[in-house]
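Please read the structure below before turning to the comments.
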Amino acid sequence: MEVIIVENEQQAADIVAGSIGLLMAETSAPVIGLATGSTPLAVYAELRSRYESGDLSFADTTAFLLDEYVGIPHHHPESYRSVIRRVFTDHVDLPPSSLHGPDGEDPKNGGARYEAMIESAGGIDIQLLGIGSDGHIGFNEPSSSLASRTRLKSLTAQTRRDNSRYFGDDPDDVPRHVLTQGVATILDARHLILMAFGSSKAGPVAAAVEGPVTAMLPASALQLHQHATVVVDEAASIELRLRDYYRECYANKPAWQRI
Ligand code: F6R
């Protein structure tokens, strides 16, 4: 796993958007996996700006969301489909029919259908990830099987508290259930990029990168992936025991080596 410690979110956005740009230059039909939440917002702003300046086109790109709430309609302003359209895809030339998310309105059949859609697109080239304060990726809460596929999950009280900022600050208004790509679904992507910013992520980041691989901290499954990149700011890196080593590796990386 490569750990990159950046000075700020914009530096992270430059690195991640650069990697997506290379994928687009080299692949005729790129497939990207999108996370929601606050962490990737700077990346989406950077991708929008590269589109606006003519450097990037998403016309041939397919995008898959990581997860979706169950119990609110697709058009709800906080459904992840609505969020990703608002912060990213409505502002670029990605065709609306090329944006896919788990169908939170059909949780019973939605998981298997979503798996089939990802497979028929040829799998995901780059999957963006955030990390929850409890170590979740997607909405794979602690105790999620590392072999899990897209399925219905219940959110922990901690995650509902964390996400209440999008629901009038009332955790009771945050949906209890979600459809999320499973841990194994996420691990199928060819390149995983997990970002984390701020001191509240320092504990989960250190556990994910340097702790044991365990279902109790689903982000630790990234250790099983052969191409995983973790991009963190200073505050989120503070509990990493090998942070000086990671810094040195990145600073001395040969120019021809990509993330
Ligand atoms: C969002 C998702 C979640 C978030 C995580 C961090 O699609 O799957 O795993 O990435 O909850 O959220 P933020 O970025 O808001 O701290």
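The values are calculated or read from the model by the stated rules, or taken from the named source; none is laboratory data. Predicted, not measured: the structure shown is a model, and the values here were computed from it. Counting neighbours? That spans all protein chains shown, and the Cβs are built from the backbone with ideal geometry, glycine included. To get the accessible areas, we keep the full protein, side chains included, count just its heavy atoms, and leave off ligands, DNA and RNA. Shrake-Rupley method; radii C 1.70, N 1.55, O 1.52, S 1.80 Å.
If the chain between residue 152 and residue 250 were fully stretched, how many nm would it gain, using 0.36 nm times the residue separation less the Cα-Cα distance?
Numbers: separation 98, 0.36 × 98 = 35.28 nm, distance 3.82 nm.
Going from the current span to full extension adds 31.5 nm.
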Sorted on mean Cβ neighbours within 10 Å (highest first), peptides 205-211, 91-97 come out as 205-211, 91-97
Subtracting the Cα-Cα distance of residue 117 and residue 52 from 0.36 nm times their residue separation yields 20.5 nm
Listed by chain and number, the lysines with an alpha carbon less than 27 angstrom from that of residue 253, same-chain partners under 8 positions apart left out, are 201
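How much accessible area per residue does segment 203-259 have, in Å², with a 1.4 Å probe? Provide the component values of the computation, followed by the final result.
Details: 3140 Å² over 57 residues.
Per residue, segment 203-259 has an accessible area of 55 Å².
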Here segment 36-52 yields Karplus 3J(HN,Hα) values (6.51, -1.76, 1.60; θ = phi - 60°; whole Hz; Gly and Pro given as x) of 10, x, 7, 4, x, 4, 5, 5, 5, 5, 5, 5, 4, 5, 5, 5, 4
Neighbours of residue 152 by Cβ distance under 15 Å: Lys/Arg at +1, Asp/Glu at -1, summed charge -1
Answer in debye to the nearest 20: the dipole magnitude of the chain about its Cα centre, from +1 Lys/Arg and -1 Asp/Glu charges placed on Cβ, is 420 debye
Expressed in nanometres to one decimal, the distance between label points 7 Å along Cα→Cβ at residue 109 and residue 177 is 1.6 nm
Under the helix-only model (-39500 (n - 2.57) for each DSSP H run of 4 or more, divided by the residues of the chain), the mean residue ellipticity at 222 nm, to 500 deg cm²/dmol, is -9500 deg cm²/dmol
Amide H neighbours of residue 65 at under 5 Å, excluding residues fewer than 5 places away on the same chain, with H built from the backbone geometry, are 34, 100, 101
